Structure formats: C-alpha cells, structure tokens
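Structure first, then comments.
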Amino acid sequence: MSHAPENAIIALIVAAGRGRRFADRPRADAPPKQYRRLGREPVLRHVLRAFENHPHVSHIQTVIHPDDGALYAQAADGFEKCLPPVAGGSERQASVLAGLTAVRAMNPASVLVHDAARPHVSAELITRIAQALETAKAVVPVAPVPDTVRLLGDGRTSQTLPRDRLRRVQTPQGFDFRILLEAHEKAARTPGRVFTDDASMVEQAGIEVLCVDGDEKNIKLTVESDLMERLDYRTGSGFDAHRFTQGGHVTLCGVKIPHEQTLEGHSDADVAIHALTDALLGALALGDIGRHFPMSDENNRNRASEDFLRFAVDRAAGLQARIVNIDLTIICEVPKIGPYREEMVSRLAAIMNLDGSQISVKATTTEKMGFTGRAEGIAAQAVASVALPRGAVMTSD
Ligand code: MG
C-alpha cells in the first residue's frame, strides 16, 4: 500500500447504511439512498467528486455494504483518489473503524469523516475543515438551529433550550488521524457505549472539539423529497379514434363493456388505452405506440393494449420518471361510460402502479355532431404528467 504524503488528508466516506429510515421509498427494491440518483448521478458520486476534486485530499476511502460492490463501482468510476472500498459493520461506528483500519498503514496526518448521504458538501467547507485542522485535533462544522427546541423531561414537563447556543452538527468532521483511530479502538473494546458521531467520541477521550461554520446546503438526505429537489415536470398528450364494426362488446381502459358493436382495429382496439399510452410516451418524448409496436409486425397484431401501456410505464420507470397524474376523456354517444368509470380507474391504477387518486377518467358526447355524434366510433384523448430528475437523458428510441 502506498504511503500518504506528509500532511496528507484522507477522506473517509461512510456509505454502508441501508437507509431503513429513508421515508417514502417508492419501491421495496429501490437502492439505498446513497446510490439513488440526484440529478444525473448517484448521490455517492456527487460526494466522491467533491473530495476527488479537492486539492487538500490525497485519498478517498469509502466504507460500503458488502452487497453494494457493483453500485459502488459505478459511483466511483474514473475517480483516481478512490482506494478499494472496504466492507462496513452493522453500525456506523463499526464502519468508521473499518475504514480507519484500512488506511492506517498509510499513516495519514488527518482524516475527514463524511456521511455518504450529504451530497451537497462544498469545496469551501472542506477547505474550512482542513485549515482548522492545522491547529486543532478535532473539527466539526455546525449550523444554527432555526426552530425553537424543547427538552422533554419526565411525564408532561419540558423546557425551552437557548436556541442561540444550540447547533446542528454536520459532516465532514476532521480529526488528527491517530487520535480518532485510538478513540475508535478504545470504544470497540468497551461495547455498550454508542456514539452518534465521531466528535462526541474523541470528546469523551478528552480532546477539545473546535466548531467551524457549516453550510445550510450541506443537508443529509433523510426523506425521499430531499432527492426530488431538482425535478423537471413534463406533460404529454395523446389522441386516438376507432370505428365501430360488427360485434358484441367494446374494451375501454381494459374493461369489457357489452355493446351491440365492437371497435375495429388490431388486438382489443382499446382506444382509451391507446390515447393514454401515447400521452405517457409523449411526456417522455419517446414517440408513439406505432413506433414501438409497428402493426407490420405480426406479433403485435393481437396484443392486449395493456401491454402497450405497461411498456410505457416501464420506460418511465427506467428514466426514474414518476407519473404524477393522468387525465383521460372518452368521447362517444354509445355505450354509456358512467357505470364503468370506477372499474376503469381501478384497472388503470393496477396496470400503472398508481393510486386511484392520480387517475381521472371522464366521458363526454359531441352532441350528435361529427363521427362520434353519429355513433360511427369512439375517440379518446389523454394527458399524462411526469416528474423526472433534472438532466435525465431522454432518448428518441
Ligand atoms: Mg389505436
């Protein structure tokens, strides 16, 4: 292992957490928050870049969960200061110790311990900590507390704390490497005592902790909405019409409705789902059904229209786009749509993995005017709205 240069600072990134507290996860299989996308890139990549580009930092040691090797490799791709990651423990404290142990042979002067869930760490803040370490053994960035804080006592008692003397503690926290390593090794030998951060641990060992100004933007991602700061909203529209022909039912929004005629067209001729699918593809700038399912392909001839909609929903998920809402209008004289409206909403909700409250299905006539007025067929129009990370790559295929 290479030795760090004199006065070298190693950045220790703690990225082993599973994010169990990360609220409102859209799917159970969503990656931990440090690997979720923030803008174009995983959260951890923003963190690594900040330290990679900082002149005071010589190496970056990341502590990861053993299952996250592939996600880490993507996040760290191309960064030259990154040492091979090491596996963390079940608690943050054990993970920090694993990271410190991994770099001990390099004998660095200082270490900056940083949470992987703080992607907005700035070069200015890193510089501030590094400069303070020239004279201090332990440095933490702190930010004011905007709310009035009460300390709960026993039962119903509580008291207001002096807000002007309270601070929120952020990372990176900077330490003399030897002092932090020794504090962690000692803590590991005395189980039961849990420290919420590294500064409180070295403080316990009698080391004075210097506070420097933190940064309001340096937030720790704790809820889903923290990732959603930079979103683009897009809207797409779709329209379709199919003519009546001989038959005994029509299919609209996946719901079979008895009728003295049927709609002409490939598969189930579900004009409503066709309009809706085109609206969603439109919001994603991905063309229309015809482009993805050409009728010249025999395989598409009798495909259920639900397949088209599922395809569009999958493409949205692939772009990390969340469907915000859809609004669909079915235009016809016959059959009556009202009695089937609720069933249509639940059917679409099931296909699109949405809540019924995100789906609107309406119906109207054209007062006996035009082709729908003469009951020659049914038309449908739809609007779909999606939210996607700013800068998401939209492709035209
Ligand atoms: Mg159609």
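What follows draws every value from the coordinates through simple rules; no lab data is involved. Predicted model only: the values in this text are computed from it and were never measured. Counting neighbours? That spans all protein chains shown, and the Cβs are built from the backbone with ideal geometry, glycine included.
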Expressed as a whole number of Å, what is the distance separating the alpha-carbon centroids of segment 110-149 and segment 229-265? 56 Å
Sort PHE79, PHE175 so that the residue with the fewest other Cβ atoms within 10 Å of its own Cβ comes first and the one with the most comes last. PHE79, PHE175
ARG156 versus ASP213: modelled label distance in nm, points set 7 Å from Cα along the beta carbon direction: 4.4 nm
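Let me check I have the definition right: for segment 40-100, take the eigenvalues of the Cα gyration tensor, multiply each by 5, take square roots. What are those semi-axes in whole Å, largest first?
Square roots of five times the eigenvalues give 19, 15, 9 Å.
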Relative exposure of CYS332, CYS82, judged by other C-beta atoms within 10 Å (fewest first): CYS82, CYS332
What nm value, rounded to one decimal, do you get for the distance between VAL324 and ASN353 when each label is placed 7 Å out toward the C-beta? 2.0 nm
Viscosity 1.002 mPa s, temperature 20 °C, Stokes-Einstein D of segment 281-397 from Kirkwood C-alpha radius, µm²/s: 135 µm²/s
Give the Kirkwood hydrodynamic radius (Å, one decimal) of segment 62-214, defined as one over the mean of 1/r across all pairs of different Cα atoms. 17.2 Å
For THR222 and ALA87, FRET efficiency with R0 = 41 Å and r from the beta-carbon atoms, rounded to 0.05? 0.95
For VAL324, distant residues with modelled amide H under 5 Å away: SER385, VAL386, ALA387
Principal axis dimensions, segment 241-298 - Cα atoms, whole angstrom, descending: 38, 23, 15
Once R0 is set to 45 Å, what does the formula 1/(1 + (r/R0)^6) return for the Cβ-Cβ distance between ALA143 and SER360, expressed as a FRET efficiency to the nearest 0.05? 0.55
Quickly work out the GLU376-to-ALA94 label distance, labels modelled 7 Å from Cα along the C-beta direction, and quote it in nm with one decimal. 7.3 nm
Cα-based Rg then Dmax for the chain, in Å, read 28.8, 89
Can you tell me the FRET efficiency between THR235 and ARG189 if r is taken as the Cβ-Cβ distance and R0 is 45 Å, rounded to the nearest 0.05? 0.15
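Note the count of lysine pairs whose C-alpha atoms are less than 17 angstrom apart in the chain, limited to pairs 8 or more residues apart or on different chains.
Total qualifying Lys-Lys pairs in the chain comes to 5.
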Take every Cα-Cα pair in segment 139-294 and report what % of them are more than 27 Å apart. 60 percent
Cα-based equivalent ellipsoid, segment 130-227: semi-axes from gyration tensor eigenvalues, Å: 26, 20, 15
How fast does segment 105-160 diffuse by Stokes-Einstein, in µm²/s, taking the Kirkwood radius from C-alpha pairs at 20 °C and 1.002 mPa s? 144 µm²/s
